[in-house]
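Engineer: Here you go, one structure.
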Amino acid sequence: MAKLEFALGIFDSSCISSQFPLLTTIRHNTITGRWLTRFQAVWDPKQEDCFIVGSMAYPRRVEIFHETGKQVHSFLGECLASVCSINAMHPTRYILAG
């Protein structure tokens, strides 16, 4: 049986066309299952080249990636007891809500 691979795709939307070119992909388990909301990556309003997304990895974490696909930071620890499928960054302060 083939092992499934999951990924986040980052596309270049700077030029309006019928297809956006794929810039890079990030290996990431995006399957949340039946009881969880799907992961929703959101761009950081203070750093337009970074986005935030939750993770199924254990220990639980919320990850920040650069548009190039490089992981910038990972919030993990005892304070994250559940999967954070939906996250939001404050528009002007360094506050993350998940």
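Engineer: What residue among Gly77, Gly33, Gly54 shows peak mean-square fluctuation when the chain is described by a Gaussian network model with Cα springs under 10 Å?
Structural biologist: Gly33
Engineer: Can you tell which of Ser18, Ser85, Ser74 shows the greatest fluctuation in a Gaussian network model of the chain with Cα springs below 10 Å?
Structural biologist: Result for the chain, Cα springs under 10 Å: Ser18 fluctuates most.
Engineer: In square nanometres and to one decimal, what's the mean projected area of the convex hull around the Cα atoms of the chain?
Structural biologist: The directionally averaged projection comes out at 8.1 nm².
Engineer: Ordering Phe65, Phe6 by how much accessible area each has at a 1.4 Å probe, largest first, what is the list?
Structural biologist: From most accessible down to least: Phe6, Phe65.
Engineer: Over the alpha-carbon set of region 1-57, work out the extent along each principal axis and list the three values in angstrom, largest first.
Structural biologist: Dimensions of region 1-57 along the principal axes of its Cα atoms: 38, 30, 17 Å.
Engineer: Run the numbers on the chain and let me know its relative contact order in percent, using alpha-carbon pairs under 8 Å that are six or more apart.
Structural biologist: Relative contact order here is 21 percent.
Engineer: Given the options Ile31, Ile86, Ile16, which has the most mean-square fluctuation in a GNM of the chain, springs set between C-alpha atoms less than 10 angstrom apart?
Structural biologist: Ile16
The values are calculated or read from the model by the stated rules, or taken from the named source; none is laboratory data. All values derive from a computational prediction rather than experimental measurement. In case anyone asks, the SASA skips ligands and DNA or RNA and just uses the protein heavy atoms, side chains included. Shrake-Rupley method; radii C 1.70, N 1.55, O 1.52, S 1.80 Å.
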